[in-house]
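Here's the structure, in structure tokens; my notes come after.
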Amino acid sequence: MNASTHIAPELRSGSQILIRALEGNGVKQIFGYPGGTIMPVYDALVGSSMKHYLCRHEQGAALAADAYGRVTRKAGVCMATSGPGATNLVTGIANAFMDSVPVVVITGQVPTALQGTDAFQEVDIFGITLPIVKHSYIVRNVADIPRIVNEAFALAEGGRPGPVLIDFPKDISAGMGEVADCQPVARPVARFPEAGLLQAASDVLAKARRPLIIAGGGIAISDSVDVFREFAARTGIPVSTTLKGLGVIPTDDPCFVGMLGMHGNGAANHAVQNCDVLMVIGARFDDRATGKLSQFAPSARIIHLDIDPAEISKLRKADVAIVSELAPALEGIQPARKASASWCGQCAGWKKEFAWRYDAPAKGIYAPKLLRDLSRARPEGMTITCDVGQHQMWVAQHCRFTDPLEHISSGGLGTMGYGLPAAIGAKVAKPEATVVCVSGDGSIMMNVQELATVKRYGIDIKILLFDNSALGLVRQWQELFFDGNYSEVDLSDNPDFSVVANAFGIQSMAIEQPEEVSDAIDWLLNSEGAALLHVKIDPMENVWPLVPPGKPNHKMMKSNPAKGR
């Protein structure tokens, strides 16, 4: 009798199994920062097929992963150790949650036996992040790792995308277990629209005299841009967008009337207030877009398309609500006639009336004109990642976008410090693109340490830094609504940002006069390697128009009535 041969099961550490599961989900890049409880994972990372980018702050890692997820529509991955490492990720997690970005977050955790004892660097990151994730896991068994990782990616990327957290106790990451491959988890079943609702939407649009579309970020998230553009062309309905919707229709398209909202274009704000049917596609009636909600589009019937039923009638009751994938819904809505020529002509008239002007009498550099000129000079496919503040609104107003992936901005959370790490993530995701980070002197200091990451990995990004020696948007509000009581907005003691860039080994140029702008833009876009352009602007320059708080969108301020500026 032949003796049977027993083959011992293959044993690997939990960390090795985690790395294998990440690779199995197609992960190529990770952004992170090591520490005590995540150290076994970093040990297993050596020799893997994935490239790790050592950011200089965990928040930078999370925001880079966020931008990577936006550009690729695949989950960006970031990881950090327990305690402060995990809590430093929280802002980036919230940013991804608010803007529906797929991110998988891996945190180290103290060993299972020590949890709940206030051990060194122990925090309940599972509990802390519950309101800002789609789902969370605490790994309790090595055998569960492949399943958990596969589920995490399926959840992060499926339906309405968002962040998923995996908390990884050190005894699990260092413990041994059998290698067990787990089949990828099926993505959520696609939701298709009901035929009756498509007909109802078609009928409402056919009867409309003044229809308008609000196009939101969900169009890009669902990869429905081409279908949406075909729909807009087929129906002839004028299109406004939210901040996140910029680029879903080219900004020079005749159907585009502009971004609506607090700092939106006057044409878009007047169109929305005068429309009789408002078709909202992949947007959520954000307060910065609607102004005073009770007076928003006051005469309009609402058609609302979204993948997330929680957004339907949350803030404005929908007359026709379609919870569905956007592409089949847009293909199925077939109004019997196009938008009327008279209404389209009215919208075109508003576009002409409220067209941006670039002949400001300011002595120094006028930021909107510089951004307009940058947009004209841009190479094809140039991507702008934007920080938060006045410059963010100027980018939205004055830059041209032909694709939503050309505009990466923190919308829902409004995260200062987003632009620089986002530029890193966007460039890693799309290395062939020209990536320009537009930042301000307040925002850049939030994550300025990531210049070291740019230098270490030779990441060829361009940084356009507007410096008004102030927290500009806060200063503007204090000027307009707090009687000019300027409280803690003075940044006149800023460092010399050109010298700062040089200290990190990044080339720089500084300009202050309008006649220097053209050559500086050429230098920035055509420099070899990373570069920073430091632009001094008027500290008292404001963003116009502005819908004051509590006012409807058509009640826009065009200047400070007290100063005539």
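The values are calculated or read from the model by the stated rules, or taken from the named source; none is laboratory data. As the structure is a prediction and not an experimental result, all values here were calculated from the model. Backbone-built Cβ (ideal geometry, glycine too); neighbour counts: all protein chains shown.
Of the residues that sit in segment 239-293 and are farther than 18 Å from Leu546 by Cα and among the β-branched types (Val, Ile, Thr), which one is nearest to the chain's Cα centre (by Cα)? Looking at the filtered set, the residue picked out is Val248. If you go through segment 297-321 and keep only what is more than 27 Å from Ala267 (Cβ to Cβ) and touching a residue at least 60 places away in the same chain (Cβ under 8 Å), you end up with Ile307, Asp308, Ala321. Here's a check for you: in segment 419-455, which residue that is aliphatic (A, V, I, L, M) and more than 22 Å from Asp496 (Cα to Cα) is surrounded by the fewest Cβ atoms within 10 Å (Cβ to Cβ)? Step by step, filter segment 419-455, then rank; the result is Ala433. Within segment 109-118, the set of residues being under 20 Å from Val90 (Cβ atoms) and modelled with pLDDT under 95 comprises Gln115, Asp118. Has segment 482-501 got at least one residue that is surrounded by 23 or more Cβ atoms within 10 Å (Cβ to Cβ), of a type in the set (Gly, Ala, Ser) and in the same structural domain as Glu406 (by TED's automatic domain parsing)? Yes: segment 482-501 contains one or more residues that are surrounded by 23 or more Cβ atoms within 10 Å (Cβ to Cβ), of a type in the set (Gly, Ala, Ser) and in the same structural domain as Glu406 (by TED's automatic domain parsing). I'd like to know if segment 402-418 contains one or more residues that are in a helix (DSSP H, G or I), in contact with a Cys (Cβ under 6 Å, 6 or more places away or on another chain) and either buried (at least 23 other Cβ atoms within 10 Å of the Cβ) or free of Cβ contacts under 8 Å to residues at least 24 places away in the same chain (or both). Scanning segment 402-418 turns up no residue that is in a helix (DSSP H, G or I), in contact with a Cys (Cβ under 6 Å, 6 or more places away or on another chain) and either buried (at least 23 other Cβ atoms within 10 Å of the Cβ) or free of Cβ contacts under 8 Å to residues at least 24 places away in the same chain (or both).
Yes/no matrix, rows are residues, columns are (1) assigned by TED's automatic domain parsing to the domain that holds Leu420; (2) in contact with a Gly (Cβ under 9 Å, 6 or more places away or on another chain):
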| residue | (1), (2) |
| --- | --- |
| Leu471 | yes, yes |
| Phe504 | yes, no |
| Ala520 | yes, no |
| Leu546 | no, no |
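Pairing each residue of segment 274-291 that is surrounded by fewer than 20 Cβ atoms within 10 Å (Cβ to Cβ) with any residue that is hydroxyl-bearing (Ser, Thr, Tyr), provided the two are 6+ apart or on different chains, yields C-beta distances under 7 Å for Asp276/Ser299; Asp286/Thr242. Has segment 10-32 got any residue that is touching a Gly at 6+ places or on another chain (Cβ under 6 Å) and more than 23 Å from Ile132 (Cα to Cα)? Within segment 10-32 (the criterion being touching a Gly at 6+ places or on another chain (Cβ under 6 Å) and more than 23 Å from Ile132 (Cα to Cα)), the answer is yes, since at least one residue qualifies. So which of Ala531, Ala520 ends up being buried (at least 16 other Cβ atoms within 10 Å of the Cβ), without any contact (Cβ under 8 Å) to a residue 24 or more places away in the chain and aliphatic (A, V, I, L, M)? Answer to the selection: Ala520. For segment 150-172, the criterion of a residue being buried (at least 23 other Cβ atoms within 10 Å of the Cβ), more than 29 Å from Lys244 (Cα to Cα), over 24 Å from the mean Cα position of the chain (by Cα) and of a type in the set (Val, Ile, Thr) is satisfied by at least one position. Specify the residue that is farthest from Ala422 (Cα to Cα); the eligible residues are those in segment 37-53 that are touching a helix residue (DSSP H, G or I) at 6+ places or on another chain (Cβ under 7 Å) and surrounded by fewer than 19 Cβ atoms within 10 Å (Cβ to Cβ). The residue in question is Asp43.
Would you say Gly411 is within 23 Å of Ser100 (Cα to Cα), modelled with pLDDT of 95 or more and small (Gly, Ala, Ser)? Show your work before the answer.
On the way: within 23 Å of Ser100 (Cα to Cα): yes; modelled with pLDDT of 95 or more: yes; small (Gly, Ala, Ser): yes.
It is true that Gly411 is within 23 Å of Ser100 (Cα to Cα), modelled with pLDDT of 95 or more and small (Gly, Ala, Ser).
Criterion applied to Val438, Val388, Val454 was being assigned by TED's automatic domain parsing to the domain that holds Ser498 and in contact with a His (Cβ under 8 Å, 6 or more places away or on another chain), and the one residue passing it is Val438. For the criterion of being assigned to a helix (DSSP H, G or I) and small (Gly, Ala, Ser), Ala452 passes. Residues of segment 356-378 that are modelled with pLDDT of 95 or more and either within 19 Å of Leu405 (Cβ to Cβ) or surrounded by fewer than 20 Cβ atoms within 10 Å (Cβ to Cβ) (or both): Lys369, Leu371, Arg372, Asp373, Leu374, Ser375, Arg376, Ala377. Note on segment 334-368: residues that are part of a helix (DSSP H, G or I), without any contact (Cβ under 8 Å) to a residue 40 or more places away in the chain and over 12 Å from Ala267 (Cβ atoms) total 4. If you go through segment 89-138 and keep only what is in contact with a strand residue (DSSP E or B) (Cβ under 8 Å, 6 or more places away or on another chain) and in a helix (DSSP H, G or I), you end up with Gly92, Ile93, Ala96, Phe97, Thr112, Ile125, Phe126, Leu130, Ile132.
Of the set (1) of a type outside the set (A, V, I, L, M, F, W, C); (2) part of a loop (DSSP other than H, G, I, E, B); (3) over 19 Å from Ile424 (Cβ atoms), all apply to Pro34 but (3). Are any of the residues in segment 58-66 over 17 Å from the mean Cα position of the chain (by Cα), over 23 Å from Glu122 (Cβ atoms), in contact (Cβ under 8 Å) with a residue 60 or more places away in the chain and not in a strand (DSSP E or B)? Within segment 58-66 (the criterion being over 17 Å from the mean Cα position of the chain (by Cα), over 23 Å from Glu122 (Cβ atoms), in contact (Cβ under 8 Å) with a residue 60 or more places away in the chain and not in a strand (DSSP E or B)), the answer is no, since none of the residues qualifies. Residues of segment 164-205 that are farther than 21 Å from Val103 by Cβ and among the aromatic types (Phe, Trp, Tyr): Phe192 alone. Within the option set Glu528, Glu515, Glu479, Glu488, being out of contact with any His (no Cβ under 7 Å at 6 or more places or on another chain), among the acidic types (Asp, Glu) and within 30 Å of Phe285 (Cα to Cα) holds for one residue only, Glu479.
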